[in-house]
Amino acid sequence: MHGPPLVAWLLVALSAAAAVSCVLRREGRDEALLGAGMAVMAVPLSVFDPPRWSAVTLVAVFAAAAVYALRPSLRRASHRMHHSLCAGAMVYMSAAMAGAGSAHTGHAEHTSAGTPLLTGLLLAYFAGYVLRAGPRLAMPAAPPHMAPGGAIRVRHAPEVAAACRVAMALAMFAMLLTL
């Protein structure tokens with residue numbers, strides 16, 4: 001990722017926390033994959049210079065995730081489309097990283113790694129998603145989910161899933177800004 005190292009490390013932390021939260025929820029495995037992938041992609045290049053094959057691997061994994069997200073299931077069609085678009089954005093960023101890899105060899109100047117029009121459309125989508133979904137994150141009117149022993153089951157609360165999606169959309173927006 002190009003950009004200030006502090007921003008990159010904050011994105012790594014945010015994406016990794018979202019991935020762990022999604023893994024703990026169990027039904028968020030596809031979101032966990034996106035969060036883990038974003039955490040890996042956000043590591044500053046000064047710390048870790050990924051091998052050439054890693055971008056191709058990420059493209060293949062996220063392309064498969066984009067297709068998998070479109071499968072008919074109990075989820076709403078808009079939810080499936082959002083996950084597919086997120087995975088597609090990951091494919092786009094992985095491919096842009098692969099293209100930018102040749103610029104880091106010292107033979108070319110640093111230029112924009114992605115297509116400005118597609119980057120702009122993705123930025124608009126993720127900004128709109130955060131602005132639409134973010135304000136809906138509020139304390140629930142009903143008491144939190146209680147386990148039999150009286151413990152609060154926060155990890156299964158629907159608010160956690162919504163907050164995870166908003167956090168990942170923010171991270172995706174920030175990563176797209178650095179392309």
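Every number here is computed from the coordinates shown, using simple stated rules; none is lab data. Predicted model only: the values in this text are computed from it and were never measured. Methodologically, a virtual Cβ is constructed for each residue, glycine included, from the backbone with ideal geometry; neighbour enumeration extends over all protein chains shown.
Please compute the modelled spin-label separation between L45 and A127, points set 7 Å along Cα→Cβ, answer in nm with one decimal.
2.5
Taking 41 Å as R0, compute the FRET efficiency from the Cβ-Cβ separation of A138 and T115 and round it to 0.05.
Once rounded, the FRET efficiency stands at 0.65.
Sorted by mean Cβ packing within 10 Å, highest first, what order do the peptides 55-68, 22-35, 164-177 take?
164-177, 22-35, 55-68
Show me the ranking of peptides 89-99, 36-46, 128-138 by mean Cβ neighbours inside 10 Å, starting with the highest.
Details: 89-99: 20.9, 36-46: 18.5, 128-138: 12.5.
By packing density, highest mean first, the sequence is 89-99, 36-46, 128-138.
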